[in-house]
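Since the structure comes first, as structure tokens, the remarks are kept for the end.
The values are calculated or read from the model by the stated rules, or taken from the named source; none is laboratory data. This one's a predicted model, so the numbers in the text were calculated from it and none came from an experiment. Cβ atoms come from the backbone with ideal geometry, glycine included; neighbour counts cover every protein chain shown.
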Amino acid sequence: MSKFKGKVAVVTGGSRDIGRAISIKLAKEGAKVVVNYNSSEAGANETVNEIKALGGEAVAVKADVSKLADIKNLKEKAIEAFGDKVDILVNNAGGLFARKTLQELDEDFYNLVMDVNFKSTVFITQAFETLMTEGASIINISSQASRDGGGGGSSLYASSKGAVTTFTRAMAKELGPKGIRVNALCPGLIATKFHDDFTKDEIRVKVAGSTPLRREGNASEIADLVAYLASDEASFITGVNYDINGGLAFS
Ligand code: NAP
């Protein structure tokens, strides 16, 4: 419990699956964690309780990360809880929402997907960068979809993650001189509610079967890479979008 002792982490979308695994991993290594959620209050409380049971510190804060007023409130609540310094920011909140073909797209759906996945990453980063100093680290959860255009009906999701991937590189250049590193993960098929909701079982079996490691990934494998990138062990790594997909695709 020492890698992140005395450090503060903010994890968006920490109420389940990947965001929960990241929150718990960072807390196990000593970080105090702000666990953001939007609609899943019970899930966020479970994440916080799990951290407390391990002897760590965490608070749950409700904020729709696609709304600037909510981001302002998240920042205020984070400062209230753990002070005005943030060492680790993980932009994890995101979603597919539905699979739609080009002709099924409309403006509301466009705004939903782009705002939750990309606008949130921009404005959360803008808000918390002012609390970061040399040695801080930002990790964005992009997607393999940003590399390959995504699975069927996920054009906007894939495009929003493409924007996250590019924004990661731009921020690495802009914030590097301040000593802030910015990296991203491009996960392949990870077993979470995301795919329980939107991917048919037969597709999951087929994708897992054609993955060199012959399985889906799990949330704790994502969390381990996030913790590495957030640590001083990765002190010369910035602007990288890491494929973590069992060998399914190479970039
Ligand atoms: P998930 O189980 O659907 O969890 C999504 C999380 O995002 C939930 O905690 C949800 O919280 C939060 N969220 C959604 N909209 C939000 C909003 N407006 N404001 C705040 N929080 C919001 O998905 P997951 O698989 O863990 O995905 C986590 C991240 O990994 C996402 O960015 C996803 O795109 C990315 N990813 C996943 C996979 C995969 O195979 N699973 C692959 C590549 C990338 P509430 O329920 O509280 O709203």
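Determine which member of the set 169, 204 is out of contact with any Pro (no Cβ under 9 Å at 6 or more places or on another chain), touching a residue at least 40 places away in the same chain (Cβ under 8 Å) and more than 21 Å from residue 13 (Cα to Cα).
Checking each option against the conditions leaves just 169.
Identify all residues within region 16-34 that are under 21 Å from residue 191 (Cα atoms) and free of Cβ contacts under 8 Å to residues at least 40 places away in the same chain; write none if there are none.
Correct list: 23 only.
Given the structure, is residue 38 surrounded by fewer than 24 Cβ atoms within 10 Å (Cβ to Cβ), more than 18 Å from the chain's Cα centre (by Cα) and of a type outside the set (A, V, I, L, M, F, W, C)?
no
Residue under question is residue 139, and the condition is that it be surrounded by 17 or more Cβ atoms within 10 Å (Cβ to Cβ), near the ligand (Cβ under 10 Å from one of its atoms) and either part of a loop (DSSP other than H, G, I, E, B) or at pLDDT 95 or above (or both); does it hold?
No; evaluated as a whole, the condition is false for this residue.
So, of the residues in region 192-206 that are surrounded by fewer than 15 Cβ atoms within 10 Å (Cβ to Cβ) and within 9 Å of the ligand (Cβ to nearest atom), which turns out to be farthest from residue 153 (Cα to Cα)?
It comes out as 193.
Can you tell me which residues in region 102-157 are aliphatic (A, V, I, L, M) and farther than 24 Å from residue 72 by Cα?
The answer is 102, 105, 145, 156.
Taking the condition farther than 16 Å from residue 81 by Cβ and in a loop (DSSP other than H, G, I, E, B), does residue 3 pass?
In short, yes.
So which of 247, 153 is at positive phi, touching a Pro at 6+ places or on another chain (Cβ under 8 Å) and either at pLDDT below 95 or part of a loop (DSSP other than H, G, I, E, B) (or both)?
247
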